[in-house]
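One structure below.
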Amino acid sequence: MSDCIFCKIIKGEIPCDKVYEDDKMIAIKDVAPVAPVHVLLIPKKHVPNILATEADLRLHLSSKMKELVKKLGVEEKGFRLVINTGVDGGQTVEHLHIHLIGGKILGWPPC
Ligand code: AMP
């Protein structure tokens, strides 16, 4: 989508701090991190949210998430995955992304 900020990042029109890329997805550091580790896993295909995904994409994101957890050094102490979805879910960018957050003890509940 032409006005989607993550599509622009994927096309190289907006700079990002990329930690991983393949033919289906990128992983970038969040521009406003809430923890020492805050990476966004973003499919290259513009899908608005998790409900709009095919099973193979969900499997790919999940598989690469496991690799990134190790690469980012949060495997041992733990981390949190967040998929904000829709207005009540607090989604601000309508292009599916998974927050991978860690590097400190995270509070709960989130609100
Ligand atoms: P959400 O509220 O779940 O839709 O999360 C959107 C996330 O995208 C927020 O954590 C933003 O800080 C992040 N974000 C927005 N623009 C950029 C950007 N240009 N580069 C990296 N992260 C971004």
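Here, each number is a calculation from the coordinates, and none is a lab measurement. Fair warning: this is a prediction, and the values are worked out from it, not measured in the lab. Note that each Cβ is placed from the backbone with ideal geometry, even for glycine, and that neighbours are counted across all protein chains shown.
Some values worked out for this structure:
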{"quantity": "Search result, residues across segment 36-88 that are within 14 Å of the chain's Cα centre (by Cα), more than 23 Å from Met1 (Cα to Cα) and in contact (Cβ under 8 Å) with a residue 60 or more places away in the chain", "calculated": "Val37, His38"}
{"quantity": "Contacts under 6 angstrom Cβ, first residue in segment 89-100 being in contact (Cβ under 8 Å) with a residue 40 or more places away in the chain, partner near the ligand (Cβ under 6 Å from one of its atoms) and assigned to a loop (DSSP other than H, G, I, E, B), 6 or more apart", "calculated": "Gln91/Asn84"}
{"quantity": "Candidate set: segment 1-15, residues that are out of contact with any strand residue (DSSP E or B) (no Cβ under 9 Å at 6 or more places or on another chain) and among the aliphatic types (A, V, I, L, M); chosen: the one surrounded by the most Cβ atoms within 10 Å (Cβ to Cβ)", "calculated": "Ile5"}
{"quantity": "Selection from segment 16-30 of residues that are touching a strand residue (DSSP E or B) at 6+ places or on another chain (Cβ under 9 Å) and without any contact (Cβ under 8 Å) to a residue 24 or more places away in the chain", "calculated": "Cys16, Asp17, Lys18, Glu21, Ile26, Ile28, Lys29"}
{"quantity": "Residue, nearest to Pro43 (Cα to Cα), within segment 100-111, restricted to residues that are aliphatic (A, V, I, L, M) and not in a loop (DSSP other than H, G, I, E, B)", "calculated": "Leu100"}
{"quantity": "Residue within segment 23-32 that is more than 17 Å from Cys4 (Cα to Cα) and either over 15 Å from the mean Cα position of the chain (by Cα) or surrounded by 16 or more Cβ atoms within 10 Å (Cβ to Cβ) (or both) present", "calculated": "yes"}
